[in-house]
Amino acid sequence: WDNADFSKGVGTTFYQEFSTLNTAKPPFVRDVEAKVRRYLRSSYSAAWTLKITWEKAPAYAARTDTHKTITYQAVLTTDGFRSYILMLYQDGGMQWDYTRLTSTNVLIGYT
């Protein structure tokens, strides 16, 4: 995510925190729990969740192209013992033209 460039005023980043220990869980958190349970086939009840959204983020360097943007999210969640991250991309995947990026070893996700 360090290759997103908001310096030209295109795109935005925002976050929302959900502290759900001993509180009612909003639909978003229940959906995250369901995804963790389905993907990992284990029981899971979130105590804390953080949703970070990069909306219409242009690739670095924005001075060369602010038209190809991408919207994506990272959702971090924990039950206090185990922690998970869900990485969500807009339909169609990454929209940046990777041939124009300054770095040539481009990855989607994390390693």
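The values are calculated or read from the model by the stated rules, or taken from the named source; none is laboratory data. Computed from a prediction, not measured in an experiment: that's the story for all the values here. A quick note on method: Cβ atoms are made from the backbone with ideal geometry, for glycine too, and the neighbour counts reach across all protein chains shown. Protein only, heavy atoms only, side chains kept; ligands, DNA and RNA dropped before computing areas. Shrake-Rupley method; radii C 1.70, N 1.55, O 1.52, S 1.80 Å.
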Any chance you could count how many residues in segment 12-47 are open to solvent by 70 Å² or more (accessible area, probe 1.4 Å), more than 16 Å from the chain's Cα centre (by Cα) and closer than 19 Å to Leu88 by Cα? 6
The listed residue being at pLDDT 95 or above and polar (S, T, N, Q), out of Thr49, Thr104, Thr12, Thr71: Thr49
What are the pairs, 6+ residues apart or on separate chains, where a residue within segment 75-92 that is farther than 18 Å from Arg41 by Cβ and touching a residue at least 12 places away in the same chain (Cβ under 8 Å) has its Cβ under 9 Å from a residue that is surrounded by 14 or more Cβ atoms within 10 Å (Cβ to Cβ) and among the basic types (Lys, Arg)? Val75/Lys35; Val75/Lys51; Leu76/Lys51
